[in-house]
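These notes concern the structure reproduced below.
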Amino acid sequence: PAAPPGKRMTELVTTTRVRSRQGAGQLCESDEEDAAAADMGEAGDGGRDRWGSQFVFVLASIGSAIGFGNVWRFPMLCFEYGGGAFLVPYCLALLFTAIPMVVLEFALGQLTQRGHVALCQHVRPGAAGFGWASVLGTFLIAQYYNALLAYCLVYLCASVLNPLPWTRKGASAYFAQVAQETEGPENGGGLVPGLTLGYALVWLLCYLGVRGGAKGIGWLVQLLMPAPFFVLLALLVRAVTLEGAADGVRALLTPDWSVFGERPDIWIAAVSQIFFGVSAGLGTLTTYGSYNGRSMKVVSSAVIVSFSNSLFSLLSALVVFAFLGNMAHVQNKPIEQVVKGGTALAFEVFPTAVSLMPLSNLWAAGFFLMLFNLGLSSAVSMTAPITASLLEYLESAPEGLLLASEQMRARLPLLVPLLVHLLGFLTGLIYVSRAGLHWISLADHFVPMFLTILTALGECVLLARKYGIVRLLAELAEATGERILVRPLGVLWGWLIPIVLSVLFFAQLYAEGARPFGGYPTWFVAIGWLAGVGPMTLALAVPALAAARRRMCPPSPGGKRLARTGSGAWGQGTRPKPTTGEGTRSQRKDSPLPAARADGAAG
């Protein structure tokens, strides 16, 4: 008879720890010497990059989490969803979905020592398509995100002019001059020269950051991360001294409860924002976790990263609403009528804010440099997953026409990042056209909202049904020595998060059908759906292609499928034999994982 849930969970933790020591139940399959090298922070696991220390890892993860979205997207959503009303679902989502998902992704990356795609394949053979969908969606976000950084560069260059150009024309008029926005997406209007040049520079800097690997990213975030907190704090101190600022802060912190009835999509907006903020469901955290030694602390790092992201978002919102209150006082208008919201919010409020500071040119240059630095660290984290996944795939692929020589393989770390970033620049030029703001609004509405929800849902299902939640937590506790809250995390990963995300997803599908986005034409909204949901079709397409390839390439006479051996990440010719015995279930023949206990599979 089955043991009670609490007893069963305790027994399984103990059993799995024993099996972990024996090497029969670990996600990690590298040898002892490689694991020791990883724990010391060296490039174990076939030369995989390592963070210099846990401090660098946490700082890099905070750099990925804290970005332009904190300064631009979070205040924008607070403005659109009734100020303090948005903070209620946001805080609930932070505690019950975001932090557990960050723990999960850090743990999977750290224990498997793999990028996102190889990780999914490792946990469940045939799940590589799910990993490709995630990193491709993140790449789509990076394309419009980098366009916003191009706007930052334009404002940064304008900061050397005296007087500041937006003080002569007004912030709204100057933003319109920079964007040169057309009336609708059907009228492209050609590229905006200044934005196009900035866009190219952003992609070049992203390439250099990714090209440097973990050490390059670590150096970048140590240089760039501390400054934004000091700049925003200085702006907040200046803001609270202005007339009307208290009204703005009150508007942010006072909930408008009617929004919950009028805008039920506030819930999915809050969840997608916190997921987007902490980079959950984007493949970034698993990639960064894979650069860790296996003994680094995961839970404490996840809590620090998540709360740092939310505190910085709240600080940004306080600055925006304090200056909105002052602008409303000066113009004698309600706060909601001062600016139109959307993408323009940050580029109307913050230029006005820095123009009110002493030595305004210096403050303007410092602020937009800070904003650009924030965005750059996040942009690098968005292009790193697909680059790392492609490198892992090509380095473990069978020799063929394109990889016929070791010399060509040796060039992959240079060529793959270059081609990825060049492709991102060329295919993203639509975002710096004169219709670019329409395309940015479309992509920002569909891609983060649906991609992060579907990816997080898939990760929970993949873990709970195919590997085992308690088993993962036991191995994590064994590796890191942290006290793991087994029961709460098991309930969250196995039940609460999948149920909540499923309900929100289908509710948003209904809402989108009842009220098409932004009053745009049908063809334009259809492109948004394709960008938001289309990458997930890879979760089905890749396994189908793999099955077709297996039929075309039958196993060798020895019973093993012909494949290139080498890195051991995946695609190996020899796999561990299935493990059976008391308390275990037989494993699929094509699975690279040892068998898991049946009572742990469901968490």
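The values are calculated or read from the model by the stated rules, or taken from the named source; none is laboratory data. All values reported here derive from a predicted model rather than from experimental measurement. Please note: Cβ atoms are built from the backbone with ideal geometry, for glycine as well, and neighbour counts cover all protein chains shown. To get the accessible areas, we keep the full protein, side chains included, count just its heavy atoms, and leave off ligands, DNA and RNA. Shrake-Rupley method; radii C 1.70, N 1.55, O 1.52, S 1.80 Å.
Ranked by accessible surface with a 1.4 Å probe, highest first, in what order do E475, E395, E243 come? Don't skip to the answer; put the middle values down first.
Working: E475 10, E395 80, E243 125 Å².
So, going from the largest accessible area down, we get E243, E395, E475.
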Take the Cβ-Cβ distance between T254 and F505 as r, set R0 to 35 Å, and report the resulting FRET efficiency rounded to the nearest 0.05. 0.70
If you plug each phi of the stretch 317-334 into the Karplus form 6.51 cos²θ - 1.76 cosθ + 1.60 with θ = phi - 60°, what whole-Hz ³J(HN,Hα) values come out, in order, with x for Gly and Pro? 5, 4, 5, 4, 6, 5, 6, 4, x, 5, 5, 5, 5, 5, 8, 6, 10, x
In whole Å, how far is the Cα centre of the stretch 426-463 from that of the stretch 62-97? 17
For labels at F96 and L419 in the simple 7 Å Cα→Cβ model, what's the distance in nm? 4.6
Ignoring ligands, DNA and RNA, what percent of the 1.4 Å accessible area of the stretch 47-93 is carbon and sulfur? 66
Just the number please: accessible area per residue for the stretch 108-181, 1.4 Å probe, all protein chains included, in Å². 25
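Once you have the Cα-Cα distance between N187 and R411, take 0.36 nm times their residue separation minus that, and quote the gain in nm to one decimal.
Working: separation 224, 0.36 × 224 = 80.64 nm, distance 4.18 nm.
Gain on stretching N187 to R411: 76.5 nm.
Between rounded, prolate and oblate, where does the stretch 100-254 land on the alpha carbon gyration tensor, with a ≥ b ≥ c its root eigenvalues, rounded for a/c under 1.5, else prolate if a/b exceeds b/c? Numbers along the way, then the final one.
Numbers: a/c = 2.04, a/b = 1.54, b/c = 1.32.
Judged from the Cα gyration tensor, the stretch 100-254 comes out prolate (a/c at least 1.5, a/b above b/c).
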Working out 0.36 nm times the residue gap between K169 and L204, then minus their Cα-Cα distance, what length gain in nm do you get to one decimal? 9.4 nm
Of the accessible area of the stretch 319-396, computed with a 1.4 Å probe and all protein chains kept, carbon and sulfur make up a percent value of 62
Karplus (6.51, -1.76, 1.60) ³J(HN,Hα), θ = phi - 60°, over the stretch 381-388, in Hz, Gly and Pro reported as x: 5, 7, 8, 5, x, 5, 5, 5
Evaluate the distance, in nm, between pseudo-label points positioned 7 Å from the Cα of W495 and of R550 along their respective Cα→Cβ axes. 3.4
Quick check: Cα centre of the stretch 294-337 to Cα centre of the stretch 355-393, how many Å? 17
First check a/c for the stretch 340-479, with a ≥ b ≥ c the square roots of the eigenvalues of its C-alpha gyration tensor; if it is under 1.5, answer rounded, and if not, answer prolate when a/b is larger than b/c or oblate otherwise. prolate
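Enter the accessible area per residue of the stretch 45-104 (Å², integer; probe 1.4 Å; all protein chains in place).
Working: 1370 Å² over 60 residues.
Counting only protein heavy atoms, the per-residue value for the stretch 45-104 is 23 Å².
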With all protein chains present, calculate the accessible area of E336 using a 1.4 Å probe and round the result to the nearest 10 Å². 120
